[in-house]
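Novice: Input: one structure, supplied below.
Computed from the coordinates by the stated procedures, all read-outs in this text should not be read as laboratory data. Just so we're clear, the structure is a prediction, and the values are computed from it rather than from any experiment. We place every Cβ from the backbone using ideal geometry, glycine too, and count neighbours over all the protein chains shown.
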Amino acid sequence: MLSLVWGGLILVSTWMFFLWMVQRQTGNAAIVDVGWTVSLPALHLYFAWGSGARNLVLAGLILLWGVRLGGYLFWTRARPGVPEEGRYQQLRVEWGQHFQRNLFWFYQAQGWAALLLAACFLPVYADCGRAFGLWELLGTLVFLIGWRGVALADAQLHRFKSDPRNHGQVCQLGLWNYSRHPNYFFESVLWFGWALYGQASPGAGWTWLAPLTILHLVLNVTGIPPTEAQSVRSKGDLYRRYQATTSAFVPWFKKS
């Protein structure tokens, strides 16, 4: 099992170094968001290979997530001609002449984080030959609810941003009328689905570290806080009114 972790470390470190070199040429640091998304299913497939059909199905669900989200992030943030996302523009200002040095380690940290999150599922992948049962069914259903929810939220936001008439406005279309971050909410739901999937395996309690870590990051670190700060900088009082009336995370009815 330790050899798998070392192999995964080499894989993600090399991948993130390559992406860091790519962004030096393109000038768009948001490619790391696509890279992180690709890293996770690649690691799960690496861990699951040869461990039985039930484990390959879990890795396949994560691959389904990665293909959709990675494609969406590439199209909206990293393809040629798309302006660099505001968060990275802000980092260029804050880090100044040390931007590339800091960004190198930022990219590496993203790869290591993906490895740690994938490694939480190693007890599941070590449990070879287990049949598909109730936990696997429940986990798949929860995953599909989250996957469908985040896909819908992303599609609604993309449709809103694609209309020039909405420039400078706050998206309150569909799910965004009930949550300021429905994409983050449903993203968290699908991670809990993955953890549920593996609960029949010995040592599967470790899998809960993955969705709980994601939930913490979304609520307190890399998700909602910087996204809200950027929205306030760009939209001002419009976004402050949105904050005052709309749930931050769990979709719910508006406050008056």
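Novice: Which chymotrypsin sites (Phe, Trp or Tyr not before Pro) in segment 109-138 sit in a loop by DSSP (not H, G, I, E or B) and have at most 16 other Cβ atoms within 10 Å of their own Cβ? Walk me through the numbers on the way to the answer.
Specialist: Numbers: sites: Trp112, Phe121, Tyr125, Phe132, Trp135; in loops: Phe121, Phe132.
Loop-located and lightly packed - Phe132.
Novice: Modelling each spin label as a point 7 Å along the Cα-to-Cβ direction, I'd like the Trp6/Tyr178 distance in nm, to one decimal.
Specialist: Reported label-point gap for Trp6 and Tyr178 is 5.0 nm.
Novice: OK, next. Once Rh for segment 127-256 is found with the Kirkwood sum over Cα pairs, what is the Stokes-Einstein diffusion coefficient at 20 °C and 1.002 mPa s, in µm²/s? Show your work: numbers first, answer last.
Specialist: Values: Rh = 16.2 Å.
Rounded to a whole number, D works out at 133 µm²/s.
Novice: For the chain, build the charge dipole from Cβ charges (+1 Lys, Arg; -1 Asp, Glu) around the Cα centre, then report which of Ser39, Ile10, His216 sits farthest towards its positive end.
Specialist: Result: His216.
Novice: Could you tell me whether segment 1-130 comes out rounded, prolate or oblate from its Cα gyration tensor? Rule is a ≥ b ≥ c as square roots of the eigenvalues, rounded for a/c under 1.5, then prolate if a/b exceeds b/c, otherwise oblate.
Specialist: prolate
Novice: If Rh is defined by the Kirkwood formula over all Cα pairs and Rg also comes from Cα, what ratio Rg/Rh do you get for segment 61-138?
Specialist: On the way: Rg = 18.3 Å, Rh = 16.1 Å.
Here the Rg-to-Rh quotient is 1.14.
Novice: Can you give the relative contact order of segment 132-256 as a percent, counting alpha carbon pairs under 8 Å and 6+ residues apart?
Specialist: This gives 33 percent for segment 132-256.
Novice: Still on this structure, I have one more. Let me know the charge dipole size of the chain about its Cα centre in debye, to the nearest 20, where only the beta-carbon of Lys, Arg (+1) and Asp, Glu (-1) is charged.
Specialist: Approximately 660 debye in magnitude.
Novice: Taking the Cα atoms only, what angle lies between the long axis of helix 224-235 and the longest principal axis of the chain, rounded to 10 degrees?
Specialist: 20 degrees
Novice: Between Glu94 and Phe253, 0.36 nm times their residue separation minus their Cα-Cα distance comes to what?
Specialist: So the extension gain works out to 53.5 nm.
Novice: Another one. Relative to the longest principal axis of the chain, what angle (0 to 90°, nearest 10) does the C-alpha long axis of helix 53-73 take?
Specialist: So the helix axis and the longest Cα principal axis differ by about 20 degrees.
Novice: Specify the longest stretch of the chain that does not include any exposed loop site, a site being one of the trypsin sites (Lys or Arg not before Pro) with a non-H, G, I, E, B DSSP assignment and at most 12 other Cβ atoms within 10 Å.
Specialist: The segment 1-253 is the longest one with no such site.
Novice: A further question on this structure: Report Rg/Rh for segment 152-220, rounded to two decimals, where Rg is the Cα radius of gyration and Rh the Kirkwood radius.
Specialist: Using only Cα positions, Rg/Rh for segment 152-220 is 1.16.
Novice: Among Trp191, Gly52, Trp206, whose Cα sits farthest toward the positive end of the charge dipole of the chain (+1 at Cβ of Lys/Arg, -1 at Cβ of Asp/Glu, about the Cα centre)?
Specialist: After comparing all options, I get Trp191.
Novice: Right, something else. With an 8 Å cut-off on Cα pairs and a minimum separation of 6 or more residues, tell me the relative contact order of the chain in percent.
Specialist: Relative contact order here is 20 percent.
Novice: Helix 182-197 sits at what angle to the longest principal axis of the chain, using alpha carbons and giving 0 to 90 degrees rounded to 10?
Specialist: 0 degrees
Novice: To continue, here is another question. Match the structure shown to one of the listed values (1) 51, 48, 34; (2) 70, 44, 35; (3) 56, 46, 27 of Cα extents along the principal axes in Å, computed from it, and give that label.
Specialist: (3)
Novice: When the helices in the chain are scored as -39500 (n - 2.57) per DSSP H run of 4 or longer and the sum is shared across all residues, what 222 nm value do you end up with, to the nearest 500 deg cm²/dmol?
Specialist: The helix-only estimate for the chain comes to -23000 deg cm²/dmol at 222 nm.
Novice: Report the full-extension gain for the segment Trp208 to Phe104: residue separation times 0.36 nm, less the Cα-Cα distance, to one decimal in nm.
Specialist: Values: separation 104, 0.36 × 104 = 37.44 nm, distance 2.93 nm.
34.5 nm is the gain from fully extending Trp208 to Phe104.
Novice: Hey, another quick one. Under a point spin-label approximation (7 Å from Cα along Cα-to-Cβ), what is the Thr14-Thr222 distance to one decimal in nm?
Specialist: 2.2 nm
Novice: Taking the dipole about the Cα centre of the chain, with the C-beta of Lys and Arg at +1 and of Asp and Glu at -1, give me whichever of Tyr178, Val67, Phe104 is farthest to the positive side.
Specialist: Tyr178
Novice: Next question, about the same structure. Just Tyr239, Tyr197, Tyr184 to compare: in a GNM of the chain, with alpha carbon springs under 10 Å, which one fluctuates most?
Specialist: Tyr239
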